[in-house]
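Everything on this sheet refers to the single structure shown next.
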Amino acid sequence: MSLTEILTLRMVRDLADARTFARGEAYFHDGVVGLLDPDEQEVRASVQGTHRYRVRLAVGSDDELEYECDCPVGDDGDFCKHAVAVALSWLENTGEEVFQRSEPEGGKPRKKRKTQGEEIREYLRTLDADALREWVIEAADRDRGIRDKLLFSAKANAARDTSSLRSVGGRLLGSRAPSIGVMPGTTPSA
């Protein structure tokens, strides 16, 4: 089962009492949820409250929602306001729900919140090719995962056949390199 199948707004409301839900919803609307790190089985994010807290929501072995937060309430095993905020952010980013404040502040209607992905894409569109390349190089210098992925892609792009690609994979992965056939979407020219 995937997180999409088990994490619903109804479940979030059931797990949190009304006060906790309202406080988590306020955190969500205040934009204090950090960048989501999702996959099919879980999502992780940090939430800036009194302190920065780490939240994890995941599909458990029994296909039930597992949740963790390192705040004092979460440490007690309760579904805290930080978990609510991350859940709401994840639901909105997956397109399952769109949340708006109950009442517009100051009588002015609120703009629809952009997802983090939309904000990032919008910013990247403002960069010219040279600035974008420089930004990616700086990110690769700070993040080994990005660096390795870029290096593998560059070397794989230069590889002319399956044997060359296997060699690239072996150098990048060390002795853990699996036997590689044809990469999805490519055809060896051997």
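Residue check: is Ser89 modelled with pLDDT under 95 and part of a loop (DSSP other than H, G, I, E, B)? No.
Looking at this structure, is Arg44 in a helix (DSSP H, G or I), at pLDDT 90 or above and either charged (D, E, K, R) or surrounded by fewer than 17 Cβ atoms within 10 Å (Cβ to Cβ) (or both)?
On the way: in a helix (DSSP H, G or I): no; at pLDDT 90 or above: yes; either charged (D, E, K, R) or surrounded by fewer than 17 Cβ atoms within 10 Å (Cβ to Cβ) (or both): yes.
In short, no.
For segment 25-39, state whether one or more residues are closer than 14 Å to Phe79 by Cα and modelled with pLDDT of 90 or more. Yes, because at least one residue in segment 25-39 is closer than 14 Å to Phe79 by Cα and modelled with pLDDT of 90 or more. Restricting Arg121, Arg166 to those that are under 30 Å from Phe28 (Cβ atoms) and either at pLDDT below 85 or not in a helix (DSSP H, G or I) (or both) reduces the list to Arg121. Taken together, the residues in segment 47-57 that are part of a strand (DSSP E or B) and surrounded by fewer than 18 Cβ atoms within 10 Å (Cβ to Cβ) amount to 4.
For segment 45-64, enumerate the residues that are without any contact (Cβ under 8 Å) to a residue 24 or more places away in the chain and either closer than 23 Å to Glu118 by Cα or touching a strand residue (DSSP E or B) at 6+ places or on another chain (Cβ under 8 Å) (or both). Talk me through it step by step, then tell me what you get.
Looking only at segment 45-64, we keep the residues that are without any contact (Cβ under 8 Å) to a residue 24 or more places away in the chain, and these are 46, 48, 50-52, 54, 56, 60-62.
If the condition is that a residue be without any contact (Cβ under 8 Å) to a residue 24 or more places away in the chain and either closer than 23 Å to Glu118 by Cα or touching a strand residue (DSSP E or B) at 6+ places or on another chain (Cβ under 8 Å) (or both), then Ser46, Gln48, Arg52, Arg54, Arg56, Gly60 are the ones that fit.
Based on what the data block shows, is Thr20 over 15 Å from Phe79 (Cβ atoms) and either touching a residue at least 24 places away in the same chain (Cβ under 8 Å) or assigned to a strand (DSSP E or B) (or both)? No.
The values are calculated or read from the model by the stated rules, or taken from the named source; none is laboratory data. Computed from a predicted structure; not experimentally measured. A quick note on method: Cβ atoms are made from the backbone with ideal geometry, for glycine too, and the neighbour counts reach across all protein chains shown.
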